Structures are given as structure tokens and as C-alpha cells.
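Participant: Sharing a structure, written as C-alpha cells. Questions coming.
The values are calculated or read from the model by the stated rules, or taken from the named source; none is laboratory data. Owing to the predicted nature of the structure, the values given are computational and were not obtained by experimental measurement. When we count neighbours, we look across all protein chains shown, and the Cβ atoms used for this are built from the backbone with ideal geometry, even at glycine. All accessible areas refer to the heavy atoms of the entire protein, side chains included, with ligands and DNA or RNA removed. Shrake-Rupley method; radii C 1.70, N 1.55, O 1.52, S 1.80 Å.
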Amino acid sequence: MIIDERMITYIHSLEGPENPVIEQIEQEALDTHVPIIRKETQSFLKVILMMKQPSRILEIGTAIGFSAILMSEYLPEDAQITTIEKYEKRIPIARENFRRAGREGQITLIEGDALEIMGTLSGTYDFIFMDAAKGQYIRYLPDAVRLLSDGGVLMSDNVLQDGDVIESRFAVERRNRTIHSRMREYLYELKHHGELMTSILPLGDGIALSVKKRGI
Ligand code: SAH
Ligand code: MG
């Protein structure tokens, strides 16, 4: 937990209800321990989407489709979402959830490894939600920047690893050390990338919000 627990509880208490299908899918994800975007990050995402009004959205890491469906509620009607997932067990559940939410026409799920798939994508996206394996973000970055339109927004989730990122490498559990150093490298890269302007926010599990500079 990065932020004081009582503060989070308070922020959550201000949230209103969501569309019932979305709330059901959220509850199913929580019950089955599928990692989904946290409540306080959800409202931030909604605000960014309503400000930006993107028409082409790319998501890396579908899980069971919760965040894709949530995003679809706050997008212009003709917006299209492409989402990538490699875990076979989650793919049919995500497809079924898109159907339940009546969003099959708006959300396209591509099965496979995000790095491989991103390399085959063309055209540009106005909004990219990076939410897959944290240790891989640094490898997805060149394609993400290539695929972003001018003024396009990249939102990366879980970048502060429950606060681990500020600890010394040796204070982090051994199995998390590779992710730890790769995440530091990713954040450094986001902040020093010539084509991006980035703000890192200690919201949820840590968010990095980047915009691709125009005319570079
Ligand atoms: N965005 C979802 C949560 C995604 S959890 C939500 O908020 O509802 C992260 C997902 O990324 C997991 O389901 C995992 O299987 C997937 N993932 C991890 N590495 C991947 C890769 N290399 N390619 C595609 N998907 C990947
Ligand atoms: Mg996440």
C-alpha cells in the first residue's frame, strides 16, 4: 500500500455505483484473484478518457476484460479498443465478458505475447493502457512510442510495485529483484525519453502518465 489505508477507504467511499454488469465482472475478478485495476485508479482512468476522447485504444494485458469494458463505458461511441492477452485460461472468460457487456463489436482481443503482437500492429493509437507483466514494460516501450499518435497518451499501471521501487535492490525479495531493476529502468526511460512527457503518480499501485510530444 503506497497511500495510507484510511485515505484509500475514504476515497473509495466517495465512489458511486458503476454499471451493474461491470460491477459483477469486477466482483468475479476479485473473487477469483484476477488482478484488476484498483478502484482509485479506475476513476482516474475514466477522467483521462473523458478528457482525451480517444478513438483508437490499445490495452496490453486484458486479464478477464474488466478494464477494457470499463474503458468502453467512457469512450466515444465509435471508439475501438484492441486488447492483448496471452494466458489461455483468461481469454475465453474475457470474450464471454465482452459479450455479456454487449461490447463484442467494440473490443477486439488479440491472443498471444504482447511483444510479438505489438511488433505486428500498425496505425496509431490515441491511448495505450500498459497493464501486463511489469518486468516487460521496458521491452514494450519502443513499440508503444511508435504506435502512439502525436499527443497520444500512455498510461502505465502498477509502476511503484506497492512501494518496493524505492527500496534498495537488496531490501527487495530476491524473486522480485529483476522486476525491481527493470521498473526503475522503465521509469527513468519514461522521464528521459525525448518523445514523451511523463508524470509519475503514487495512485493505486503507482501510475505513470505519459504524453507523446507533438511534431517530433
Ligand atoms: N487490465 C486488466 C488486468 C490485467 S492483469 C484489468 O485491469 O482488468 C495483467 C495481464 O497481463 C494478465 O492477465 C497476464 O496474463 C497478461 N500478460 C502478462 N504478460 C503478458 C504478455 N507478455 N503478453 C500478453 N499478456 C500478458
Ligand atoms: Mg494493473
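Participant: Let me confirm something: among GLU28, GLU40, which residue is at pLDDT below 95 and touching a helix residue (DSSP H, G or I) at 6+ places or on another chain (Cβ under 9 Å)?
Facilitator: GLU40
Participant: Would you mind finding the one in LYS39, LYS86 that is under 26 Å from THR178 (Cβ atoms) and surrounded by fewer than 20 Cβ atoms within 10 Å (Cβ to Cβ)? I'd like the intermediate steps shown before the answer.
Facilitator: Details: LYS39 fails: under 26 Å from THR178 (Cβ atoms).
Unique residue meeting the criteria: LYS86.
Participant: Is there a residue in the range 124-131 that is over 15 Å from the mean Cα position of the chain (by Cα), open to solvent by 20 Å² or more (accessible area, probe 1.4 Å) and at pLDDT 95 or above?
Facilitator: yes
Participant: Residue by residue through the range 196-207, note down the ones that are closer than 22 Å to GLY152 by Cα and surrounded by 14 or more Cβ atoms within 10 Å (Cβ to Cβ).
Facilitator: Passing the criteria: LEU196, THR198, ILE200, LEU201, LEU203, GLY206, ILE207.
Participant: Name the residue that is nearest to PRO92 (Cα to Cα), counting only residues in the range 14-63 that are of a type in the set (Ser, Thr, Tyr) and within 13 Å of ligand 1 (Cβ to nearest atom).
Facilitator: Applying the filter and picking the extreme gives THR62.
Participant: Among strands (runs of 3 or more DSSP E) lying entirely in the range 1-113, which contain 2 or more residues that are farther than 21 Å from GLY204 by Cβ? Step through it out loud before you land on a result.
Facilitator: Working: elements: 56-60, 80-85, 107-111.
Hits in the range 1-113: 80-85, 107-111.
Participant: Looking at GLU173, GLU116, which is the one that is modelled with pLDDT of 95 or more and over 23 Å from ARG38 (Cα atoms)?
Facilitator: Working: GLU173 fails: modelled with pLDDT of 95 or more.
The unique qualifying residue is GLU116.
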